[in-house]
Structure formats: structure tokens, C-alpha cells
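Structure first, then comments.
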Amino acid sequence: MTQAPDLPLWAAILAAIFVLIGAGATFIGSMGLLRLKTFYERVHSPTMGTTLGTVCILLASACVSSVVHARFSVHEALIFLFVSLTTPVTLMLLARAALYRDRVAGDESVPVEDDRSN
Amino acid sequence: MTRLVPHPLLTTCLLVMWLLLTQSVSPGQILLGGIVALIAGKTMALLRPDPVEIRSWRAVLRLTGIVAVDILRSNLAVGRIVALPSRRRRVSGFIRLPLAITNPYALTTLAIILTATPGTLWLQYNRTTGSLLLHVLDLVDEEEWIRLIKHRYERLLLEIFA
Amino acid sequence: MNVLVLGLAITAAQVLLGCAMMFAIFRLLRGPRAQDRILGLDTLYINAMLMLLTFGMQTGRTLYFEAALIIALVGFCGTVALAKFLMRGEVVE
């Protein structure tokens, strides 16, 4: 059932710790989607998965593939770059779309548009 | 130099990305990646973006360190809010704060930092008034948040981007 | 022993990520509003990407890494298009 590459003990323990921290952070972040009450609160929690979760799992992956292929493996940095640059953009756009929709719907709980806007 | 490589930073980054994707540093790949990066740099020059001028690389390093620590800390804070039942009533809400930075690259960097940090979300920036609308998950003290953003991030961004 | 430690950790991580994907799917199906569904979709693809990375660690193949890279890029475009759609009701203006 459990299948994994055969690594030296230090690498195995390091990778195991990182992968567990990363998966745990992602799990808690996604749990926020269930537990938080409003949309604006829910937007905050998945960023746990995209920051701490992604970084830790990528570190574990880099650690494993560096040892397995016996060379320094850093191409995981690419995923980190893409995810850390794109997630803020999507969340920002999504939150602004939600704000726009709430304002159109006349929701009192969201702040009104700044009158002096361009 | 500037005519051949109009955007040295972009060209270097693209070359590094190419080498990471192909996972090799053989001369052939460096040549191929270099050609692609040069063409992309030239194409970018045709679009005439505002020049990026980084004045202090030390400030870049300091900002990176501060952001890494803050993201780790707010991960723990948000994780606690989500996973543990809270005893006190938590308030989340919108805050509006005035920004001193006007450089589009500095604003973009600040937007990415604030949104990538769990717990704060950049909503809307008004160019005419320079005011920013934020949503904060755990809003204990509005002044505290405004001071944090202005002191920790905005000061360094002013140093970096003029 | 070393294989067991890492194998168990990766399996546990896969279970956690699977649960995280279920939460995201719940939000995707349940709503209540369109923005909640898109947020669920966004979380779902990030979790799926991380899941693929754990499979890559397990098997030692780089194929999974490339799949994860593509999901990271394509998922971004999808969410941006959907958010844009919510804002104006049209993707291409």
C-alpha cells in the first residue's frame, strides 16, 4: 500500500515533515470554506494552501527528487513562482467581482463606491 | 546594450525559467533559451511599458524577508481562527486607508503581498484619491492594521521604487 | 523503515488533501452564490495540483510535476475568466 522512493533517513524524515505540514495547512485552509460565514471571510482561508501549503509540499518534492536523481533539483521553484503570482490576482478579481455584484444588488453591508473615483 | 537587450531583468528571468523547465544547462539549451528570451525582451520593448527602476536591492531583500515572516505568522493566525473554536467574538470588516505610493509597480507589489497574506485582501484602489479598500479577517484594531501596512510595507516600497 | 516513514507521511498527506478537495467541492456544489462556487473551484484546482505533486513524490516520475505545472497555469486562466464574467456578464468585450 505505502509506496515511496528509498531515501536516506534524514531526507525521508525531512520530506515527511514538510509534506505533512503542507497538507495540513491546505486542509485547514480548505476547511475554512466550510466554517467561515460570509464570502469575504471565506476568501481569506484558501490562501493558506497557496502559501504555506504549496511551499512546504514543493520543498518536500525538491528534497525527494534532489536525493533520488542525485543532483540539485530546483525546478519546483517554477510552480512556486506561478502560484504565488497568480493566486493573488485571481482572488483580487474574484473579490472585486463579488463587491460589484453586492453593490448592484444593494447590499448594505459592503462599503459604497468612493464618489471621487475615476 | 540597451538596444539589443531592452529589458535585461525580464530577459534574464526568462532564460532562467527556460533552463528550469528543460532542467539542463547544456550549451544548446542556453543558446535556444537565450534567443527566445532576447526576442521576448524585444517584443516587450515594442509595447513600451514604463521602465522598472529598482533603486535599492537591499530593501528588496529586507522586504522579502519581512513578507516571508508575516505570511508564516498570518498562516498560523488564520489556521487558529479556522480550526479552533473561538472564545471571543471575532469581527471581520472593511477598512479604508490612504496610500502614499503612486508607482504602478509598487502598487502591484503591495497588492500581491496583501492578497497573498492570509487574513488581508486587497479590494479596490482609487487612483484619484489614493485610497485603498481592504478586507481584514480579524479586525481587532483598525489603526493597528493601517500602521502595520504603512510602516512595514509602504516605507520599503517607497525606498525600492522611488 | 525509511520507505515506510515517507510512504506513510505521503499517504496521510494524500488523505488530508483529498478531504481538502471534498471541502472545495462542497463549496462548489453548495454555493450559495456564484462567487462562492468560483472560490471553491479555485481551491479545488490548487489542491489537485498539490495532490499531483505528492503522487510525483511517490512514484519518482517527472510527468506528475509537468501536469501540476499545467494545472497551475490553466486553472489561473479559468478563474480569471469566470471572475471577469461575474463582473460584466461577458468574457470577451
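Only one of the numbered conditions (1) assigned by TED's automatic domain parsing to the domain that holds B:Leu139; (2) in a loop (DSSP other than H, G, I, E, B); (3) more than 20 Å from the chain's Cα centre (by Cα); (4) not charged (D, E, K, R) is not met by B:Val25, and that is (1). Taking each residue of region B:35-62 that is within 30 Å of B:His151 (Cβ to Cβ) and looking for partners that are surrounded by fewer than 12 Cβ atoms within 10 Å (Cβ to Cβ) and not aliphatic (A, V, I, L, M) with beta-carbon atoms closer than 6 Å, six or more apart or interchain, yields nothing.
Given the criterion part of a helix (DSSP H, G or I), modelled with pLDDT under 90 and over 17 Å from A:Thr87 (Cα atoms), identify the matching residue among B:Thr115, B:Thr102, B:Thr108, B:Thr43. First the steps, then the outcome.
Numbers: B:Thr115 fails: over 17 Å from A:Thr87 (Cα atoms); B:Thr102 fails: part of a helix (DSSP H, G or I); B:Thr108 fails: over 17 Å from A:Thr87 (Cα atoms).
Answer to the check: B:Thr43.
Which of the residues spanning region B:25-57 are of a type outside the set (Lys, Arg) and loosely packed, with under 11 Cβ neighbours inside 10 Å? Once the filter is applied, which keeps residues that are of a type outside the set (Lys, Arg) and loosely packed, with under 11 Cβ neighbours inside 10 Å, region B:25-57 yields B:Val25, B:Ser26, B:Pro27, B:Gly28, B:Leu31, B:Leu46, B:Leu47, B:Asp50, B:Pro51, B:Glu53, B:Trp57.
Restricting to region A:25-37, count the residues that are free of Cβ contacts under 8 Å to residues at least 24 places away in the same chain and either hydrophobic (A, V, I, L, M, F, W, C) or more than 8 Å from chain C (Cβ to nearest Cβ) (or both). Count: 9.
Looking at region A:73-84, which of its residues are within 7 Å of another protein chain (Cβ to nearest Cβ), over 11 Å from the mean Cα position of the chain (by Cα) and assigned to a helix (DSSP H, G or I)?
The answer is A:Ala77, A:Leu78, A:Ile79, A:Phe82.
Determine if region A:23-37 includes at least one residue that is within 24 Å of C:Lys84 (Cβ to Cβ) and not in a loop (DSSP other than H, G, I, E, B). Please lay out each step first, then the result.
Going residue by residue through region A:23-37, those that are within 24 Å of C:Lys84 (Cβ to Cβ) are A:33.
Those left that are additionally not in a loop (DSSP other than H, G, I, E, B): A:33.
Scanning region A:23-37, I find at least one residue that is within 24 Å of C:Lys84 (Cβ to Cβ) and not in a loop (DSSP other than H, G, I, E, B), so the answer is yes.
The set of residues in region C:1-36 that are touching a residue at least 24 places away in the same chain (Cβ under 8 Å), among the polar types (S, T, N, Q) and over 26 Å from C:Phe85 (Cβ atoms) contains only C:Gln14. Of all residues in region A:42-72, those satisfying the criterion of being part of a loop (DSSP other than H, G, I, E, B) and either within 10 Å of chain B (Cβ to nearest Cβ) or within 24 Å of A:Thr86 (Cα to Cα) (or both) are A:Val43, A:His44, A:Ser45, A:Pro46, A:His69, A:Arg71.
The values are calculated or read from the model by the stated rules, or taken from the named source; none is laboratory data. Treat the numbers as computed from the prediction; the structure is a model and nothing was measured. Virtual Cβ from ideal backbone geometry, glycine too; neighbours counted across all protein chains shown.
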